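What follows is one structure encoded as structure tokens, with my remarks underneath.
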Amino acid sequence: MTDAKSGTATHGAAPTVEGATEHIWCRRDVASLAASTAILGCLACAGAAVTRMLFPRVLFEPPTTFKAGYPNEYIVGEVSERWMKSQRVWIVRNDREIYALLGICTHLGCTPRWLGPEGKFKCPCHGSGYTIDGVNFEGPTPRPLERVKIALADDGQLLVDTAVRYRHELGQWEDPQSFLRYTGA
Ligand code: FES
């Protein structure tokens with residue numbers, strides 16, 4: 001603020017000619033500051049909204065398909081646990097075909113174990129058991145394990161998709177994509 005008579009700048013409260021006190025923050029200044037603050041707040045909110053629109057929250061899921069090597073890498077009569085840890089899938093080969101079983105118990109979703117010497121999948125949670133084909137035969141589970149899509153990729157490797165599932169009790173194991181015919185060496 002400037003002294004009316006001398007024209008010099010003053011700081012804080014300054015005595016007037018009459019000796020009264022004039023405050024540096026008059027009512028008009030306070031109202032102006034409040035309005036400026038409100039406008040800045042609105043601009044900040046609008047900026048945040050625009051930024052959020054430009055960068056939407058997207059959930060990046062891991063891919064559901066993976067190449068599982070060549071069919072002849074799997075041995076007839078064996079359950080391969082090669083992909084169990086990373087993909088939660090067993091790959092099983094018999095003398096006619098190769099199929100992929102999802103490692104999720106159909107009772108309440110625990111992860112069963114393959115018990116090689118006993119030739120069965122066994123769930124540690126409530127004791128459900130499944131044959132090597134994935135068919136339930138003991139414990140509380142009401143249905144077999146699920147198969148997932150399996151096919152041959154262009155380069156001859158197995159291509160597995162865990163997002164596409166086949167349920168035995170619904171007749172879906174007849175679907176040609178739920179297994180791969182393979183009798184090679
Ligand atoms: S979750 Fe597997 S038996 Fe219950």
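When you go through LEU158, LEU101, LEU145 one by one, which is the residue that is touching a helix residue (DSSP H, G or I) at 6+ places or on another chain (Cβ under 9 Å), free of Cβ contacts under 8 Å to residues at least 60 places away in the same chain and crowded, with 19+ Cβ neighbours inside 10 Å? Spell out the reasoning first.
On the way: LEU158 fails: free of Cβ contacts under 8 Å to residues at least 60 places away in the same chain; LEU101 fails: touching a helix residue (DSSP H, G or I) at 6+ places or on another chain (Cβ under 9 Å).
Only one candidate qualifies: LEU145.
Which of the residues belonging to the stretch 73-88 are over 23 Å from the mean Cα position of the chain (by Cα) and of a type in the set (S, T, N, Q)?
The answer is SER80, and nothing else.
For the stretch 136-157, what are the residues that are within 15 Å of the ligand (Cβ to nearest atom) and β-branched (Val, Ile, Thr)? Explain how you work it out, then say what you get.
Narrowing the stretch 136-157 to residues within 15 Å of the ligand (Cβ to nearest atom): 136-146.
Residue satisfying the conditions is THR141 alone.
Readers should treat all values here as calculations from the given coordinates under stated rules, not as data from a laboratory. Keep in mind it's a predicted model, so treat the numbers as computed, not measured. Counting neighbours? That spans all protein chains shown, and the Cβs are built from the backbone with ideal geometry, glycine included.
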